[in-house]
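The structure appears below as structure tokens.
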Amino acid sequence: MASRDNSASSHYPVAIVGGSSIGLTSSILLSLQGIPHILFERQPDTAIHPKATILNQRSMELLFKVGVGEDVASIAAPTERVSHTAWYTSLGPQEGSWKGRQIAKRGTSRGAENAEMLRNGSFAPVCIMPQVRLDPILKRRAQELAPGRVLFHHDVLDVVEEDGADRVRLTVQRRGTGETFHITSDYVVGADGGRLMPEKIGAEWNGETNMAEMLSVHIRAPLSVHHPDHSVYISWFVSPELGGSISTGFLYPLGPWPHSVETEEWVFGFALFGDEQGRRLEEQEARARLKKVLSVDSAVIDDAEILSIGRWFLNARVVDRYRSKGGRIFLAGDAAHKVPPWGGFGLNTGFGDVHNLIWKLALAVKSPKQDWNALLDTYHDERKPIADFVARTSLANIRTHNGRIDAALGVGPKATTKENVKELETFFYGSGPEADEKRQKVKEAIASMDGEFKAYGCHNGWFYPSVDKKGEGKKSYHDGQVDSNYELKIAEYVPTTIPGHHVPHSWLTDSAGQRRSTTQLVGVDRFVLFAQSPAWATAKSAKLDVVLIDGGDDGWKNLDGSWETQRRVGPTGAVLVRPDGIVGLRFQDDSFTQRPTFSDELDALLNELLLV
């Protein structure tokens, strides 16, 4: 059902350009904080191509916070279907010397061996779910909270921020009629995937671009009956005829979950080379590629329903600025960073962007007479280094993945099919030092891919060094989250309350038996002080909630003792957490509360955090 067009109102505190996951989540967060806004999306509805599929625990925490977590988790892929990844020569029956064989298999972060690590890291699960199913859920929630102000089929043609102006002017076209109109807004969130907004603020892209041209084919076909291992989520193919990993392709299931054989959907992706590049690939060519790579019964592919075909480029790029020179336009999601999907960081980084940005924007809208420039600048200061790291890591992942596995096997696009077949035969059947060395190199190559398949530190352990004003993290290597070279540990997440880190998860129970995570007690627009000593109770104010844990008969109890370990402060200390779940300050004891001017000093500290 189309949204009612309420664009007759000519001014909004915030305008959002882009109605995919990041724009829609921005809308929901603004609504939950009572901020009037309007969203424009040029497409008639949410995307029809699957796009990103991995929602990490930080993203799921945010989705639960905005009221859609249960809906998302209920239709995500079951754990037993996403616990492994594997490499094959093809899916079809074993033929000749190489077809239909598994090369290697390894676990992912969703594997049973990592279940405890995931449970200890968050109340929220990792969910595997394509954007084609996520975005309709977000759209419904956004329209429910802002009826008539989440407008699809509306194309933003121009955005103008005049020097010294106190507002931004947007030119919008109703694509159904061609009619154009203008609105103004105090602030703009650019979440259009980079189509218009980076150029409008004069942002420059840095990094590697168009490294490969890729095609993704979304199909409905009963492929599960032909797959030898239903614990494998992504299947990677190495065909000697096609010359290696990226040129052969990859396959993964989309559900819907639960599904029958008749309804199951898949995505098959591969790089384009030679005359395939730069032109439309017809459906029959896509089917031919599927047949060649999968080697299943031709009738299965002939009868498959092609739902969509997407062409995209591998990029590892980040803009040089997240905020316009005039200060009223902000970039988020793919409008600020484009990274290869190897590791699943792109969409999750976008969710982190708006979780960081929107509470700051809300403060600026609610108190316009206050100078919030320093706080709004922290959006760039905090989020851009995360995107830079993610771009480097994703780039390393794809190079490790394709380069090492192909090199270990000894196959490549420059070799002939006969030469590649010989290398595979040595791997599968050879004996002696050469074959043993090849098999060992493949094992090592697979084991080296934690950055892609077990990047728990990347997904959960990132932090904002600029928030750590006292340099507490440097003294302890951020309690072990970074190594001796101060590099983030990719596969390990260390819960800590050092400022700049995400507040650790611990299960709490109140006197009524209600069970909540510490992270669930952080609202969308308020600071929270976690403490044990009742002396901190008087800190509660209009800006600050106080949560006492194990502080007496009433209040919250941490029955497993995890909070006492993770809080990293003494029993009379306290941990101050921002609305985005980031630790802002911590106090080792409650001596601060004994000062006669305690309330005023705490308020001053909060203002210092907000006004930087």
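The values are calculated or read from the model by the stated rules, or taken from the named source; none is laboratory data. Keep in mind that this is a model prediction, so the values were computed, not measured. Ideal geometry is used to build each Cβ from the backbone, glycine not excepted, and the neighbour counts take in all protein chains shown.
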Being under 15 Å from ILE16 (Cα atoms) and among the acidic types (Asp, Glu) is the filter; apply it to region 156-178 and report the residue that is surrounded by the most Cβ atoms within 10 Å (Cβ to Cβ). GLU161
I'm told GLU608 meets every condition in (1) part of a helix (DSSP H, G or I); (2) over 29 Å from ARG383 (Cβ atoms); (3) of a type in the set (Asp, Glu) except one. Can you identify the failing condition by its number? (2)
Evaluate region 329-340: report whether one residue or more is at pLDDT 95 or above, β-branched (Val, Ile, Thr) and under 25 Å from SER109 (Cβ atoms). yes
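So which residues in region 103-121 are polar (S, T, N, Q) and assigned to a loop (DSSP other than H, G, I, E, B)? Spell out how you get there, then give the answer.
At the first step, the residues of region 103-121 found to be polar (S, T, N, Q) are 108-109, 114, 120.
Listed by number, the residues that qualify are THR108, SER109.
Which of the helices (runs of 4 or more DSSP H) contained wholly in region 1-102 include at least 1 residues that are charged (D, E, K, R) and touching a residue at least 12 places away in the same chain (Cβ under 8 Å)? Please lay out each step first, then the result.
On the way: elements: 21-32, 57-65, 69-74.
Correct list: 57-65, 69-74.
One line per residue, one yes/no per condition, for (1) of a type in the set (Asp, Glu); (2) closer than 17 Å to PHE463 by Cβ; (3) out of contact with any Leu (no Cβ under 9 Å at 6 or more places or on another chain):
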| residue | (1), (2), (3) |
| --- | --- |
| GLY480 | no, yes, yes |
| ASN485 | no, yes, yes |
| LEU488 | no, yes, yes |
| THR496 | no, yes, yes |
| HIS501 | no, yes, yes |
| HIS505 | no, yes, yes |
| GLY513 | no, no, yes |
| ARG516 | no, no, no |
| THR519 | no, yes, yes |
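What residue, of GLN284, GLN277, is surrounded by fewer than 16 Cβ atoms within 10 Å (Cβ to Cβ) and in contact with a strand residue (DSSP E or B) (Cβ under 6 Å, 6 or more places away or on another chain)?
Values: GLN284 fails: in contact with a strand residue (DSSP E or B) (Cβ under 6 Å, 6 or more places away or on another chain).
Among GLN284, GLN277, only GLN277 is surrounded by fewer than 16 Cβ atoms within 10 Å (Cβ to Cβ) and in contact with a strand residue (DSSP E or B) (Cβ under 6 Å, 6 or more places away or on another chain).
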Every listed condition ((1) modelled with pLDDT of 95 or more; (2) more than 14 Å from TYR464 (Cβ to Cβ); (3) within 20 Å of the chain's Cα centre (by Cα)) holds for GLU382 save (2)
Quick check on my filter: what residues within region 27-78 are among the charged types (D, E, K, R) and surrounded by fewer than 19 Cβ atoms within 10 Å (Cβ to Cβ)? ASP45, GLU70, ASP71
So in region 565-605, with the set limited to residues that are among the β-branched types (Val, Ile, Thr) and assigned to a helix (DSSP H, G or I), which one is nearest to PHE463 (Cα to Cα)? THR565
For region 537-547, indicate whether the set of residues that are modelled with pLDDT under 95, touching a helix residue (DSSP H, G or I) at 6+ places or on another chain (Cβ under 6 Å), part of a loop (DSSP other than H, G, I, E, B) and buried (at least 19 other Cβ atoms within 10 Å of the Cβ) is non-empty. no
Kindly indicate whether any position in region 254-263 is crowded, with 16+ Cβ neighbours inside 10 Å, within 21 Å of LEU91 (Cα to Cα) and under 23 Å from the mean Cα position of the chain (by Cα). yes
Of everything in region 552-572, what is more than 32 Å from the chain's Cα centre (by Cα) and under 19 Å from VAL583 (Cβ atoms)? Give them in sequence order. GLY570, PRO571, THR572
In this structure, does GLY551 turn out to be in a loop (DSSP other than H, G, I, E, B) and surrounded by 18 or more Cβ atoms within 10 Å (Cβ to Cβ)? yes
How many residues, within region 194-230, are crowded, with 18+ Cβ neighbours inside 10 Å and either free of Cβ contacts under 8 Å to residues at least 60 places away in the same chain or touching a Gly at 6+ places or on another chain (Cβ under 8 Å) (or both)? 10
Unmet criterion (only one of (1) modelled with pLDDT of 95 or more; (2) not in a loop (DSSP other than H, G, I, E, B)) for ALA124: (2)
The listed residue being under 24 Å from SER562 (Cβ atoms), out of contact with any strand residue (DSSP E or B) (no Cβ under 9 Å at 6 or more places or on another chain) and among the basic types (Lys, Arg), out of ARG119, ARG140, ARG110: ARG119
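With the requirement that a residue be assigned to a loop (DSSP other than H, G, I, E, B) and either hydrophobic (A, V, I, L, M, F, W, C) or modelled with pLDDT under 95 (or both), what does region 127-150 give you? Lay out the reasoning, then the answer.
Our first condition is that a residue be assigned to a loop (DSSP other than H, G, I, E, B); within region 127-150, this holds for 129-130, 146-149.
Passing the criteria: MET129, ALA146.
Strands (runs of 3 or more DSSP E) wholly in region 484-534 with at least 3 residues that are in contact (Cβ under 8 Å) with a residue 40 or more places away in the chain, crowded, with 23+ Cβ neighbours inside 10 Å and at positive phi - which ones?
Values: elements: 507-509, 515-517, 527-531.
It comes to none.
Can you tell me which residue in region 573-603 is surrounded by the fewest Cβ atoms within 10 Å (Cβ to Cβ), limited to those that are under 17 Å from PRO499 (Cβ atoms) and more than 31 Å from the chain's Cα centre (by Cα)?
Ranking the candidates gives GLN588 first.
May I ask you to list the residues in region 295-308 that are surrounded by 11 or more Cβ atoms within 10 Å (Cβ to Cβ) and in contact with a strand residue (DSSP E or B) (Cβ under 7 Å, 6 or more places away or on another chain)?
Start the filter on region 295-308 by keeping residues that are surrounded by 11 or more Cβ atoms within 10 Å (Cβ to Cβ), which leaves 295-298, 300-304, 306-308.
Matches in region 295-308: SER295, ALA304, ILE306, LEU307, SER308.
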